[in-house]
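Before any comments, here is the structure.
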Amino acid sequence: MIQLPDDFITAFDAISESVHHNAVVHGWWEGERNDGELIALIHSEASEVLEALRHGNPPDDKCPQFDNATVEMADIVIRCMDMASGRSMRLAEAILAKMEYNASRPYKHGKAF
């Protein structure tokens, strides 16, 4: 079992570096990447989750051991990891900090949804 936070940060950063390395090797980081493009790609994966759910969430065509929405959510995380690693962002640490902050917030903190 992973012990938080150090083991999480180490594992998450190692996976992020692997994800980014794979993207580099496959040609996605030839030259400078535009932040807007990277964010749009993350957003497009979120739209694909919605489409999977709209279509009954069948098994994924590339990873059929998982439903399509789950695989598309994995793509969101992969794209976030790639961008974070490519931009030297401390994403794992930010996740833990945001989780801690969210735990301190009041119930629904004034939001309807």
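Whenever a residue of region 37-66 is of a type outside the set (A, V, I, L, M, F, W, C), its partners that are loosely packed, with under 14 Cβ neighbours inside 10 Å and not in a loop (DSSP other than H, G, I, E, B), lying with C-beta atoms within less than 8 angstrom and at least six residues away or across chains, give the pairs Q65/P59.
The set of residues in region 73-96 that are of a type in the set (K, R) and either assigned to a helix (DSSP H, G or I) or touching a Pro at 6+ places or on another chain (Cβ under 7 Å) (or both) contains only R79. Examine region 20-37 for a residue that is of a type in the set (F, W, Y) and crowded, with 16+ Cβ neighbours inside 10 Å, and state whether such a residue exists. No. A residue that is over 14 Å from R79 (Cβ atoms), part of a helix (DSSP H, G or I) and among the charged types (D, E, K, R) cannot be found anywhere in region 24-33.
Output the residues belonging to region 49-71 that are in a helix (DSSP H, G or I), of a type outside the set (S, T, N, Q), touching a helix residue (DSSP H, G or I) at 6+ places or on another chain (Cβ under 6 Å) and buried (at least 17 other Cβ atoms within 10 Å of the Cβ).
As a first pass, look at region 49-71 and keep what is in a helix (DSSP H, G or I): 49-54, 68-71.
The next check asks that each one be of a type outside the set (S, T, N, Q); those that pass are 49-54, 69, 71.
Imposing the further condition that a residue be touching a helix residue (DSSP H, G or I) at 6+ places or on another chain (Cβ under 6 Å) reduces the set to 49, 52-53, 69.
Those that are in a helix (DSSP H, G or I), of a type outside the set (S, T, N, Q), touching a helix residue (DSSP H, G or I) at 6+ places or on another chain (Cβ under 6 Å) and buried (at least 17 other Cβ atoms within 10 Å of the Cβ): V49, A52, A69.
Throughout, read-outs are computed from the coordinates displayed, never taken from laboratory work. Note that this is a predicted model, so its numbers are computed, not measured. Methodologically, a virtual Cβ is constructed for each residue, glycine included, from the backbone with ideal geometry; neighbour enumeration extends over all protein chains shown.
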